[in-house]
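For reference, the structure discussed in these notes is given below.
The values are calculated or read from the model by the stated rules, or taken from the named source; none is laboratory data. Quantities reported herein were computed from a predicted structural model and do not represent experimental measurements. Quick reminder, even Gly has a Cβ in these numbers, built from the backbone with ideal geometry, and neighbours come from all protein chains shown. In case anyone asks, the SASA skips ligands and DNA or RNA and just uses the protein heavy atoms, side chains included. Shrake-Rupley method; radii C 1.70, N 1.55, O 1.52, S 1.80 Å.
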Amino acid sequence: MMENPPLRVGILATGSHPIQTIYLPALHALPTLFSISAVYFSTQSQEPAVPVTANGTATKSTTKNPDTILSDPDINLILNFMPNEYHELYTIAALQAGKHVMVETPVSLSIPSARRIIEAEKDAPNGARVFVASARRYAPCFEDVFKKEVRSLERIHYARCRMIAGPHAAHTATKARVGAGAIEGEGRGPPFIKEPGEDRTKRLRGLLEEVFGKDEQPSQERMALSRFLASLGCHDLGLMRDTLGYPDAISNISVNEPFYSALFHYNGGVVEGAHPHPFTLMYETGTDCVPRCDAQLAVYSQTKTVTIHYDLPYARGQPVRVVVEQADERGGLMQTETVSTWEETYQEELKALYAYLVEGKTARTTARDSLDDIKLFQTIFEQYDRQCGTSRTPLG
C-alpha cells in the first residue's frame, strides 16, 4: 500500500511569532506528514530565518503577496494565522481554491461570518475542509488523563477556569492595553499588526455590526471584552467546553478592564451514567504587569480534585500538567501528576489535523465546533447588557 504524500503547506501570518517559535519546529518534526512550500508575513521586518531540513536544503520561500500562496497549485494546506478580521477572507479564498485550512481560533468574530465559512466548506472543491488551531485541547494529558478523570467523578460540585497572566512575548493580549478605538491587540506576538488601516478597520466594523447590531455603537467595556474573548478567552473557553460541555446559563458578568469574570451554570449530565447534579463554574481572567501565568481548569468533587495547568497560548517551553488530588489510605493528601511537553502538544495537534484531512478521521476543533465559542461570546454580551445599570461594577 502506498503511503499518502505529505501535505504541502502555505503559511499566512502577521509576524514571526507563533509561526517561527512554535509551528515551524512542529511541522519540521513531522516530515512524512507536512512539507512547507511558502510563507507570507504581513510584517516583513519580522521575517524569520529560513528553516532547513536535515540535509541542509531550504524548505520554504517567502512571498510579499498572500495571493501567490492561495493560487499556488502545489499547495494543498493553508495555515491562516492572519488577524481575526481576515480569518473569513483568507479561509474562504483558500476553500474556493480547493485548499484545506487550519485557521487560528476563533474561526471568526461573528456568528454570520462563521456560518459563511461553514457554507463555503460545504461547496469547496477537492473536499477541502477547515480545522481550527487550538493546541491545548490536543495535549495528550488532556485527552488521556484529565477528561477521563472528570468523567469518572461521582458528582461535580464546583469548577473554576482561571487565566491571570503578566507580560509575555507569546501574546499581545498580555501587553499594555491600547486605546478604546484601537484594534491592534489580536492575541499574537510583537510587533502589532500593520495591515492597511482603512481596510482592516472596515472589516472589523462590519463584523462588530453583525455582533452588536448596525444601529448600536458598542461601549468601551463591550469592545474590551470582545477583544479579550477573541484573543485569550477563546482558548480557555474552548477547553472548558471540551471538558464540561456548553453551559446552560450565565450570570454575574464583571467587566473591569483588563480583568473579567462570569459564572457559568451547568444543570449536570457531564459525568457519564450518573444522575445529573447542577454545579457552577467560576470563570476569571485578566492581565497585569506581574511576569507569571496562573492558568488552570479545576473540577471539584467530594473525594477528588482534577486540575489541568497550562500557560499562555504559544508560550514555547511550557508543559501542560494534569494534577489529581485525593485522600490516601491514612487520610493524607495524595497527588499524581501527568505532563505533556509543548512539543508533544503541538505535534499531536498537527497529527490530528493530518488524520482529519487525509485519513478521514473526526476532529474536535472544526469550524462548527468553533462556532459554539462565538455563540458563547454572544451569550456573554447579551447577559452583560441585561446586567448593565445593576451590577456593572464591583460597587454596584
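Some notes on this structure:
- Probe 1.4 Å, protein heavy atoms only - accessible area per residue of region 218-257 in square angstrom: 25
- Chain lengthening between residue 122 and residue 152 when straightened (0.36 nm per residue, less Cα-Cα): 7.1 nm
- For residue 71, the accessible surface of its heavy atoms amounts to roughly 80 Å² (probe 1.4 Å, protein chains only, rounded to the nearest 10).
- With contacts taken as Cα pairs under 8 Å at a separation of at least 6 residues, region 226-317 carries a relative contact order of 19 percent.
- Heavy-atom accessible area order for 235, 28, largest first, 1.4 Å probe: 28, 235
- Between amide H atoms placed 1.01 Å from N, distances below 5 Å from residue 366 occur with 132, all of them 5 or more places distant or on a separate chain.
- Computed with a 1.4 Å probe over protein heavy atoms only, the accessible surface of region 70-160 comes to 33 Å² per residue.
- Solvent-accessible surface ranking, highest first, for 119, 210 at 1.4 angstrom: 119, 210
- Overall dimensions of region 62-112, expressed as equivalent-ellipsoid semi-axes from the Cα gyration tensor (√(5λ), whole Å, largest first), are 19, 12, 9.
- Scanning residues 5 or more positions from residue 62 or on other chains, those with amide H under 5 Å from its amide H are 39, with H placed 1.01 Å from N in the peptide plane.
- Heavy-atom accessible area for residue 293, with the other protein chains in place and a 1.4 Å probe, reaches approximately 40 Å².
- Of the accessible area of region 210-369, computed with a 1.4 Å probe over protein heavy atoms only, carbon and sulfur atoms account for 45 percent.
- Computed 3J(HN,Hα) for region 198-203, one whole-Hz value per residue from the Karplus formula 6.51 cos²θ - 1.76 cosθ + 1.60 where θ = phi - 60°, is 5, 5, 5, 4, 5, 5, glycine and proline marked x.
- Measuring nothing but alpha carbons in region 289-364 and taking Rh as the Kirkwood radius, the Rg to Rh ratio lands at 1.11.
- Rounded to the nearest 10 square angstrom, residue 246 shows an accessible area of 90 square angstrom against a 1.4 Å probe.
- Using θ = phi - 60° and Karplus 6.51 cos²θ - 1.76 cosθ + 1.60, couplings along region 150-156 (whole Hz; Gly, Pro as x): 4, 5, 8, 5, 5, 7, 8
- Between residue 265 and residue 382, the contour length at 0.36 nm per residue exceeds the alpha carbon distance by 40.6 nm.
- For the residue pairs 147/361; 147/375; 148/351; 147/351; 64/351, alpha carbon separations beyond 26 Å are given by 64/351.
- Charge tally for residue 311 (other residues, Cβ to Cβ under 11 Å; Lys, Arg +1; Asp, Glu -1): +3.
- Average accessible area per residue (Å²) across region 325-389 - probe 1.4 Å, nucleic acids and ligands excluded: 52
- Efficiency of FRET from Cβ geometry, residue 328 and residue 111, R₀ 56 Å, rounded to 0.05: 0.70
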